[in-house]
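Beneath this line is the structure, given in structure tokens, with notes to follow.
The values are calculated or read from the model by the stated rules, or taken from the named source; none is laboratory data. Fair warning: this is a prediction, and the values are worked out from it, not measured in the lab. FYI the Cβ positions are ideal-geometry reconstructions off the backbone, even for glycines, and counts take in every protein chain you see.
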Amino acid sequence: MILEARGVRKLYGAYVALDGVSLSIREGEFVSIIGPNGAGKSTLINVLTGMLAPSAGSVRFKGKDIGGIGMVALTRLGMARSFQLVQIFPELTVLESLQAAVISRLGGGARIFASLAGDGRIRADALEVATLFNLADKAHVLTRELPQGDKKLLDVASAFALRPEIILLDEPTSGVSTADKHAVMEILVGAAKRIGLRAIIQVEHDMDIVFGYSDRIIALHQGKVLADATPAQIEADAQVMDMVVGRRHTPHPNAPHPNAPHP
Amino acid sequence: MRTATVLTLVSLALLAIPLVAPAYYVTLMLPFMAYGVVLLGLNLLFGYTGLVSFGHALFIGIGAYTGAVLTSRFGVRQMELILPAAALAAAVVAAPVGALCVRYVKIYFGMLTLAFGMVFYTFLLKFYKLTGGDEGMRMLRPSLLGSEWAGFSKTAYLVGPYYYFSLAVLVLATLLMWRIVRSPFGLCLKTIRENQVKAESLGVSVPLYRWYAFMVSAVYAAVGGALLATPTGNVDPTLAYWTHSGNIVFMVLLGGFSSFFGPLLGAFVFIFLQDTVMSVFPYWRLIFGAVLAFIVIFAPGGLMGLFARPRPVEVSRG
């Protein structure tokens, strides 16, 4: 068990965003969290990444309570995240953005007189991640000048550059054209293998992606876990398909077969 | 290469100025160099970390008063001791002040620094015994490199040894800051300026790095403040007054905060423009106010922005 939530409740005033959510993420899993708008997906991600403290219940990462400890502390423990709305450093280059993550991972960001340009390890490490994400030829481009799809990739890539054990991806393919979504996922899954990620959690709306890549799907509805099962089981569950997926799922012709091998 | 050429020419000019320029203009270079040191530090906070301090004159005041107290009360005349003492005094004050201020951003950070500046100003004004109140204190001529330069008249001292001493400090401060902004630390500061949420998600401890930047900028301001006190020969509470903080922010904007050398250019133009305008027109703030409005509206990259490709300045930054 890498990450475990037990009976997590999150209240915003009188509004119940999460109402007793329990879930666990095991070694090697790719888990998708799905649900209609307002189901509590974003709140759940924020609770799982220590950004929000649960009102009740607990979240444990590698056995340690991480409720509300904050992202900075969580990255030290080995968790990273990307964002639904792409988060980049507009005036920094691709390489600099990745270097920042590498510096954070290696420590020593407080070395105020050290030369960044002269640090071959930071550079090599950042370039390696850039290569994994097909961004190496754009290493010196300012991130604000990147096309939208590359911005999204960079957001995810910088999280990977932390070489975390587990990563939470908040809609990794939102804002990416339908034609490119599978390419993005392939890059992501490939990078996960190379970096040796122990688990991936994603929140995703695109059901082709969800059903094509997940080992397990957790369906949220009104702050509760409606279903927690394999893609095949979810597909067979008419109620969940109706309430959460909103339609009968027909796999994309190019999508890998459900339960195809991945990290 | 163009930068290298310009830097070489500027360095040669700075070395030659005392030899060729009238003494009056050489003495005007002294506050330029002192402010240059202050602004290099201020811009680490402003341009690189994205925090605008409206109370930085506090640290100029600490540096200047350290010099005055040491020379006129304790008989310590060596500038080589005064500058580290000023840096240390600023660090001691900046540690708690910074720890409180860096929890806030934007206008709240600015207002809190302003508030601490006003507290210090009032302290200087009211603690007459220690600070001389509104009359201030004398900053006696410091010794440089172990020499009192006794045979030199005041002007000869300022345009000779003191000029070159100030220049050496400015060059050293510039080289150090050049290293700082190109270090892993400098990159972390830029990530905070660019996107605080993303920086935190990458494990950059935003308050801690802001505090480091605050400390460095306070030390720079105090060293500049100590340099500034000698040509005036007197320090008084207006050094720490909020309009002085406003002036140095203006200098940074004038030169351009997105450029490493922008603040130095800003200090230079400010000093000489102020001198020129004041000699022909008593209401120099009227002119400077108009210049400031013009820069913010039409040239947000400052004077450097007119030469180099400016970083686009957003009206509001998240």
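Remarks
- When we screen A:SER104, A:SER115, A:SER97 for residues that are within 13 Å of chain B (Cβ to nearest Cβ), out of contact with any His (no Cβ under 9 Å at 6 or more places or on another chain), surrounded by fewer than 18 Cβ atoms within 10 Å (Cβ to Cβ) and among the polar types (S, T, N, Q), the only hit is A:SER115.
- Condition check for A:ALA110 on (1) more than 20 Å from the chain's Cα centre (by Cα); (2) among the small types (Gly, Ala, Ser); (3) at the interface with another protein chain (Cβ under 8 Å from one of its Cβ atoms); (4) on the phi > 0 side of the Ramachandran plot: one failure, at (4).
- Every test in (1) of a type in the set (A, V, I, L, M); (2) within 15 Å of A:ILE167 (Cα to Cα); (3) buried (at least 20 other Cβ atoms within 10 Å of the Cβ); (4) at pLDDT below 90 is passed by A:ALA39 save one, and that test is (2).
- Residue check for B:LEU30: assigned to a helix (DSSP H, G or I), in contact with a His (Cβ under 9 Å, 6 or more places away or on another chain) and closer than 30 Å to B:TRP242 by Cβ: no
- Pairs linking a residue in segment A:74-86 that is without any contact (Cβ under 8 Å) to a residue 24 or more places away in the chain and surrounded by fewer than 24 Cβ atoms within 10 Å (Cβ to Cβ) to a residue that is among the basic types (Lys, Arg) and not in a loop (DSSP other than H, G, I, E, B), with Cβ atoms under 9 Å and 6 or more positions apart or on different chains, are A:LEU77/A:LYS64.
- The residue pairs whose first member lies in segment B:179-198 and is facing chain A (nearest Cβ under 7 Å) and acidic (Asp, Glu), whose second member is crowded, with 20+ Cβ neighbours inside 10 Å and not in a helix (DSSP H, G or I), and whose beta carbons are closer than 7 Å, counting only pairs six or more residues apart or on different chains, are B:GLU194/A:PHE89; B:GLU194/A:LEU92.
- For segment B:185-203, filtered to residues that are among the polar types (S, T, N, Q) and assigned to a helix (DSSP H, G or I), the residue that is surrounded by the fewest Cβ atoms within 10 Å (Cβ to Cβ) is B:GLN196.
- Exclusive hit being buried (at least 20 other Cβ atoms within 10 Å of the Cβ) and either farther than 30 Å from B:ARG179 by Cβ or over 11 Å from the mean Cα position of the chain (by Cα) (or both), set A:ASP125, A:ASP137: A:ASP125
- Hey, B:GLY225 crowded, with 24+ Cβ neighbours inside 10 Å, over 21 Å from B:GLY117 (Cα atoms), small (Gly, Ala, Ser) and away from chain A (no Cβ under 14 Å) or not: no
- Of the candidates B:GLY160, B:GLY246, B:GLY203, the single residue that is among the small types (Gly, Ala, Ser), closer than 25 Å to B:GLY67 by Cα and either at the interface with chain A (Cβ under 10 Å from one of its Cβ atoms) or out of contact with any helix residue (DSSP H, G or I) (no Cβ under 7 Å at 6 or more places or on another chain) (or both) is B:GLY246.
- Scope segment B:204-222; condition without any contact (Cβ under 8 Å) to a residue 60 or more places away in the chain and crowded, with 24+ Cβ neighbours inside 10 Å; matching residues: B:VAL204
Every residue, every condition in (1) more than 10 Å from every other protein chain (Cβ to nearest Cβ); (2) on the phi < 0 side of the Ramachandran plot, yes or no:
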position: A:LEU44; (1), (2): yes, yes
position: A:VAL47; (1), (2): yes, yes
position: A:ALA53; (1), (2): yes, yes
position: A:GLY63; (1), (2): yes, no
position: A:ILE69; (1), (2): yes, yes
position: A:VAL72; (1), (2): no, yes
position: A:THR75; (1), (2): no, yes
position: A:ARG81; (1), (2): no, yes
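- Hey, A:ALA39 in contact (Cβ under 8 Å) with a residue 60 or more places away in the chain, in contact with a strand residue (DSSP E or B) (Cβ under 6 Å, 6 or more places away or on another chain) and more than 14 Å from chain B (Cβ to nearest Cβ) or not: yes
- For segment A:144-152, the criterion of being under 30 Å from B:ALA173 (Cβ atoms) and at the interface with chain B (Cβ under 9 Å from one of its Cβ atoms) is met by none of the residues.
- If you go through segment B:240-263 and keep only what is part of a helix (DSSP H, G or I), surrounded by fewer than 22 Cβ atoms within 10 Å (Cβ to Cβ) and among the hydroxyl-bearing types (Ser, Thr, Tyr), you end up with just B:THR243.
- Helices (runs of 4 or more DSSP H) enclosed by segment B:44-139 - at least 3 residues per element that are surrounded by 19 or more Cβ atoms within 10 Å (Cβ to Cβ) and either in contact with a helix residue (DSSP H, G or I) (Cβ under 8 Å, 6 or more places away or on another chain) or at pLDDT below 95 (or both): B:57-72, B:79-101, B:106-126
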